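**Q** Sending over a structure as structure tokens; questions will come in a sec.
Values in this text are rule-based calculations from the coordinates and carry no lab data. Please read all numbers here as calculations on a predicted model, not as lab measurements. In this analysis, Cβ positions are derived from the backbone assuming ideal geometry, glycine residues included, and neighbour counts consider all displayed protein chains.
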Amino acid sequence: MASQLQSFVLAAVLCLFSVGALGGGSANDGSSASAIPARMQKTNVKLPPWESFIRSNVTASCADTTSWDHKRAAMGGLQLQENAPLSGKRSWEGVRRKVVPRNLLPTSEGVPISAVKVPKSDPARTTFHFQPPQNWMNDPNGPMYYNGLYHQFYQYNPQAAKWGNITWGHTVSRDLIHWDYLPLAIQPGPDWYDIQGCWSGSATIVPGKGPVVAYTGHSNASQQVQCLAYPANLSDAYLTTWVKDPGNPVLATPPPGVSSDNFRDPSEAWLGSDGVWRFVIGIANGSTGGAQVYKSTNWSTWTVGPRLASHNGTGMWECVDFFPVAANNATGLPLAVLAGDQTGLTYVLKSSLNDFRHDYYIMGTYDPQQDVFTPINTIQDIVTGFDFVYDYGRYYASKSFFDPVKQRRVLLGWALEADSQANDLARGWASVMAIPRTITVDPATRGTSLLVYPVEELAALRQSHVTLSNFTLASGDIVQMIGMAGSNLDLEYTFEKPVPAPEIVQLAMAQRNSSLTNENVCSPAGAERTGSVGPFGVSVLGAVGNQEYTSIYFEYVMGADGNWATNFCADYTHSSTLTTVDKQIDGGPVRVLETDTTLTLRIIVDMSIIESFAQGGRAAITTRVYPQVANDANSRVVVFNNGTAPVKLLQLDSYHIGSVKFNQLF
């Protein structure tokens, strides 16, 4: 950022009151005060001109969204403070106030035995994202809803904080947020077919029989074979104990041309109208990856079917997922619809590409008699052969399931670490799961793309609430939000969609041939470059003195055809003072339609993970960061505009998020 630009700090209102009981009380300094209405106290403040810096009216309000009694500190007011110019660096200096700690939300139902405590000395350990108490975790496996509980299995190393000794961990929840640990479900050996590991797979609920898990065994000869496992006791509500099929492996030979080390991760199975079960398995034939259909009438004998899709140059397709969606319906659909009328149905084929380390999807129609999948879009990415990516960041090996309670499709995904193995071993743990997300068809794109967005249950963790509305960010503005400090936040921003003036269009035309702009890739100059429209957005986990911060933002880029494109980006090149972690810029294009009037941004922050969503879930970026200085009350939030064109922030809503305690059952 240019050194001559002034930076400003906006202290947003933080409503924290000391109340004896909800609905009334007195100020904690002993002075008289009128009764405070239950759950909300609003303050309207008009900002006067600040020397040569003129602002329009700004309204700030805040609400306490908790529903139990606790102490609050009497604070309030909206301030604007000017800082000294900096030499090309964002300023974090300015007003800050201490946030009063909140009560924690209740833990999940169940029997709380030997609760696992989050180490307070570990600044990377998350507080409301699922992760085992220790050691390594990767892919989510076999998610399902069964007998009143959500089940999530996961790849787990019970011996160390690095990959190896892969076992199926098991956890259950009633709300997808509060999880309880269960005993290990499927462990390697003692037989030859999975002695080196029980790799990823899926769960299918077979009518009249209950859940069946199909997984990949890593054999004594390092071959990948497909195996089955079942609950030992269906009357056990937790499905605590699992047994392996005595006929394992049920599928030991890959299809022609595919080696035995590129044959893994069976999907959830579906029953066709012909009475035949089918699932798809990820494969690679040389550099050509694909999704291979297999068929069975009895689950014990599987025969090879057609190849659902493949693409040269993509390498191994992992964790393949295949499911239906209704083009004109926001509710999810179970795989059972594959046996019925296909009118109005669209299908999603997703694969985790091992060579690219992202989850890609393509939408199309499916002929259940011939097992033929036909894409409905012109391929967007000629390199991968897919249309879109679920997430531009460190999000991989996702697996979806149908939730019959809320009639939705839920997506679970693994958030990869971005630090060294030495750091993981020193901490004693590695990896977290992203917040579960819902998958719906984007109605604005006429059913040609998806919206992937956090489940609604996350909102139950929201605590103190700060709002701000109708605020214009001039070129070079940096505005710090007081009352939003912390490492556990849920932030929602709505910007007015910029309409560039003629002089801005001319600037963009001059920049479009520059190496700093690309209509499909975030600029390598990151959030601090001066563009035409943007970069503008939010920086979180920022430390005093600019030692650390991570920026999530939009940037407008004019393409070679003269049309505007919008990139959605995460710049974490300044996220940590550590030199042993990955620090880069992730992101890519987000669809902004002509009918859109706003740009929306949601950012979920939890210690070492940031999950960001643009345009209601049209694009997402999962970021792993390891701040050493910007922790808890020492971390700051700012909004900024490094573009030449002004940007209007229509609405901001900030919430602190309560912690979740995971219990060990049995």
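**Q** Sort the following peptides by mean Cβ neighbour count (other Cβ atoms within 10 Å, averaged over residues), highest first: 356-369, 133-146.
**A** Going by the mean number of other Cβ atoms within 10 Å, highest first, we get 133-146, 356-369.
**Q** Now a separate question. If I model a spin label at Leu578 and Lys648 as a point 7 Å from the Cα along the Cα→Cβ vector, what separation in nanometres do I get?
**A** Label-label distance for Leu578 and Lys648, simple model: 4.3 nm.
**Q** Only Lys, Arg, Asp and Glu count, each charged at its Cβ (+1, +1, -1, -1), so figure out the dipole size of the range 135-454 about its Cα centre, rounded to 20 debye.
**A** Rounded to the nearest 20 debye, it is 260 debye.
**Q** Per 0.36 nm of contour for each residue apart, how much would the distance between Gln628 and Thr597 grow if the chain were fully extended, relative to their Cα-Cα spacing?
**A** Length gained, Gln628 through Thr597: 7.3 nm.
**Q** Still on this structure, please answer the following. Around Arg264, which amide H atoms from residues at least 5 apart in sequence, or from another chain, sit under 5 Å from its own amide H, with H modelled in the peptide plane?
**A** Gly282
**Q** Set the Förster distance to 30 Å, then compute FRET efficiency between Thr253 and Arg174 from the Cβ-Cβ distance, nearest 0.05.
**A** 0.15
**Q** Please arrange Cys198, Cys569 by how many other C-beta atoms lie within 10 Å of their C-beta, fewest to most.
**A** Cys569, Cys198
**Q** Which one of Asn377, Ala422, Ala269 is farthest out on the positive end of the charge dipole of the range 135-454, using unit charges on Cβ (Lys, Arg +1; Asp, Glu -1) and the Cα centre as origin?
**A** Comparing the listed Cα positions along the dipole, Ala269 ranks first.
**Q** OK, next. Which of Val212, Tyr146, Pro190 sits closest to the plus end of the dipole of the range 114-230, meaning its Cα is farthest towards the positive end, when Lys and Arg get +1 and Asp and Glu get -1 on the C-beta?
**A** Most positive-ward Cα: Tyr146.
**Q** While we're looking at this one, here's another question. If I model a spin label as a point 7 Å beyond the Cα along the Cα-Cβ vector, how far apart are those points for Ser469 and Gln506 in nm?
**A** 3.8 nm
**Q** In µm²/s, what is D for the range 135-454 at 20 °C and 1.002 mPa s, where D = kT/(6 pi eta Rh) by Stokes-Einstein and Rh is the Kirkwood radius from Cα pairs?
**A** Reported coefficient: 109 µm²/s.
**Q** Which FRET efficiency, nearest 0.05, do Asn147 and Val521 yield, Cβ-Cβ r, R0 56 Å?
**A** Efficiency at R0 = 56 Å is approximately 0.75.
**Q** Another question about this same structure. If the chain between Ser222 and Ile195 were fully stretched, how many nm would it gain, using 0.36 nm times the residue separation less the Cα-Cα distance?
**A** Length gained, Ser222 through Ile195: 8.8 nm.
**Q** Which FRET efficiency value, to the nearest 0.05, is calculated for Val405 and Ser273 with the Förster distance at 30 angstrom and r the Cβ-Cβ distance?
**A** For R0 = 30 Å, the calculated efficiency reads 0.65.
**Q** Would you mind computing, in nm to one decimal, how far apart the modelled labels at Asp245 and Asn328 are, each placed 7 Å from Cα along Cα→Cβ?
**A** 4.0 nm
**Q** Compare the peptides 156-166, 478-488, 444-454 by average per-residue count of other Cβ atoms within 10 angstrom and give them in order, highest first.
**A** Top of the packing list down: 478-488, 444-454, 156-166.
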